[in-house]
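Chemist: Mind having a look at this structure? Questions to follow.
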Amino acid sequence: MTFPLRERGIRVVLLDIEGTTTPMAFVYDVLFPFARAHLRGYLQQKADNTAVRETAALLRDEWKHDTTLDEKPPDWPDPTPASAAPYVEWLMDRDRKSPALKLLQGLIWQRGYAEGTLRGEVFADVAPAFRRWRERGVAIAIYSSGSVLAQRLLFGTTPSGDLTSEVAAFFDTAVGPKTSRDSYRRIAATLGVPAAEILFVSDVGNELEAARSAGCQVLLAVRPGNRVERFDAAMTIHSFDEIV
């Protein structure tokens, strides 16, 4: 299929990352294992870092909440950054969309990107699509459960170069869960664009339904390695080349 932006009145293309701009394998086989492998050493070395201490405090709040829900998280008797590791690993094991976990992962990845150990990965059609959309006056925004820092690091180090200059805005779950329609309303308000003029592209059907209920136009991205999602076949793409 082809999705004509101009005919549909689209002014902003809002993109998910994992499974949409970036292979699932990069996230699950590269980024997540890197964060886990470096977690304990990072927390010990950066225990006095302000950002780490603030993130540990947020994690502590989440831990307290989990204990009240009888989630049975690991004990955390000493409220220091270094002692947060068991709880962080517990969150990782559950692939929890924890805002504090995502902040910490971004901080750990920042070191990997700075050292050149990590480099961002995007599908081959992403950079050409960014340029094409921008040339036609369509803005690009990103909305991911990963922190804004993590998003900027990924798009700043791709094989196609630094793509952050192509992106007008980055959003993470600070605006709300990706399965809540209110999150997309907040994004529209921040961008100053009616929801109907935003196209949200994701590989997750529940996210698309939330965006559509907020008034956005939506497309399901079917990429190699993605989970199988039931969605309207007429609103499904396999490449950004189809968004014209």
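The values are calculated or read from the model by the stated rules, or taken from the named source; none is laboratory data. On a predicted model such as this, the values are computed, not experimentally measured, just so you know. Note that we place each Cβ from the backbone using ideal geometry, even for glycine, and neighbour counts take in every protein chain shown.
Chemist: Taking the range 48-76, which residues are under 26 Å from the mean Cα position of the chain (by Cα) and either among the β-branched types (Val, Ile, Thr) or outside any helix (DSSP H, G or I) (or both)? Give the derivation first.
Modeler: Of the range 48-76, the ones under 26 Å from the mean Cα position of the chain (by Cα) are 49-66, 71, 73.
Selection gives Asn49, Thr50, Val52, Thr55, Glu71, Pro73.
Chemist: Output the residues belonging to the range 39-71 that are closer than 18 Å to Ser98 by Cβ and among the hydroxyl-bearing types (Ser, Thr, Tyr). Full working, then the answer.
Modeler: Residues of the range 39-71 closer than 18 Å to Ser98 by Cβ: 39-40, 42-43, 51-71.
The answer is Tyr42, Thr55, Thr67, Thr68.
Chemist: Output the residues belonging to the range 6-45 that are in contact with a helix residue (DSSP H, G or I) (Cβ under 8 Å, 6 or more places away or on another chain) and surrounded by fewer than 20 Cβ atoms within 10 Å (Cβ to Cβ).
Modeler: Across the range 6-45, the qualifying residues are Gly9, Arg11, Phe32, Phe34, Arg36, His38, Leu39, Arg40, Gln44.
Chemist: Please indicate, with yes or no, whether at least one residue in the range 198-207 is without any contact (Cβ under 8 Å) to a residue 40 or more places away in the chain and under 21 Å from Pro99 (Cα atoms).
Modeler: We begin by selecting, within the range 198-207, every residue without any contact (Cβ under 8 Å) to a residue 40 or more places away in the chain; these are 205-206.
Now narrow it down to the ones that are under 21 Å from Pro99 (Cα atoms): 206.
Yes, the range 198-207 contains at least one residue that is without any contact (Cβ under 8 Å) to a residue 40 or more places away in the chain and under 21 Å from Pro99 (Cα atoms).
Chemist: Another question about this same structure. Hey, among the residues in the range 77-110 that are among the β-branched types (Val, Ile, Thr) and outside any loop (DSSP other than H, G, I, E, B), which one's nearest to Ala57 (Cα to Cα)?
Modeler: Taking the range 77-110 as the starting set, the residues that turn out to be among the β-branched types (Val, Ile, Thr) are 80, 88, 108.
From the residues that got through so far, the ones that are outside any loop (DSSP other than H, G, I, E, B) too are 88, 108.
Values: Val88: 12, Ile108: 17 Å.
Going through the qualifying residues, I end up with Val88.
To keep it simple, each residue is scored yes or no on (1) outside the structural domain of Ala195 (by TED's automatic domain parsing); (2) among the aliphatic types (A, V, I, L, M); (3) touching a Gly at 6+ places or on another chain (Cβ under 8 Å).
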residue: Phe34; (1), (2), (3): yes, no, yes
residue: Leu59; (1), (2), (3): yes, yes, no
residue: Lys72; (1), (2), (3): yes, no, no
residue: Leu91; (1), (2), (3): yes, yes, no
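Chemist: For the range 111-124, give me the residue count where each residue is closer than 18 Å to Thr164 by Cβ and not in a loop (DSSP other than H, G, I, E, B).
Modeler: Residues in the range 111-124 being closer than 18 Å to Thr164 by Cβ and not in a loop (DSSP other than H, G, I, E, B): 3 in total.
Chemist: From the list Arg181, Arg131, exactly one residue is over 26 Å from Leu31 (Cα atoms) and out of contact with any helix residue (DSSP H, G or I) (no Cβ under 6 Å at 6 or more places or on another chain). Which is it?
Modeler: Numbers: Arg181 fails: out of contact with any helix residue (DSSP H, G or I) (no Cβ under 6 Å at 6 or more places or on another chain).
Among Arg181, Arg131, only Arg131 is over 26 Å from Leu31 (Cα atoms) and out of contact with any helix residue (DSSP H, G or I) (no Cβ under 6 Å at 6 or more places or on another chain).
Chemist: Considering each residue of the range 217-228, count those that are crowded, with 18+ Cβ neighbours inside 10 Å and farther than 20 Å from Asp125 by Cα, and give that number.
Modeler: 1
Chemist: Quickly run through the range 187-216 and pick out the residues that are touching a Ser or Thr at 6+ places or on another chain (Cβ under 6 Å) and either surrounded by fewer than 17 Cβ atoms within 10 Å (Cβ to Cβ) or of a type in the set (Gly, Ala, Ser) (or both).
Modeler: Matches in the range 187-216: Ser202, Asn206, Ala210.
Chemist: Scan the range 147-169 for residues that are over 16 Å from Arg132 (Cβ atoms), surrounded by fewer than 15 Cβ atoms within 10 Å (Cβ to Cβ) and out of contact with any helix residue (DSSP H, G or I) (no Cβ under 8 Å at 6 or more places or on another chain) and jot them down.
Modeler: Pro159, the sole residue that qualifies.
Chemist: Please enumerate the residues belonging to the range 72-93 that are exposed (fewer than 13 other Cβ atoms within 10 Å of the Cβ) and under 24 Å from Glu207 (Cβ atoms).
Modeler: The answer is Asp93, and nothing else.
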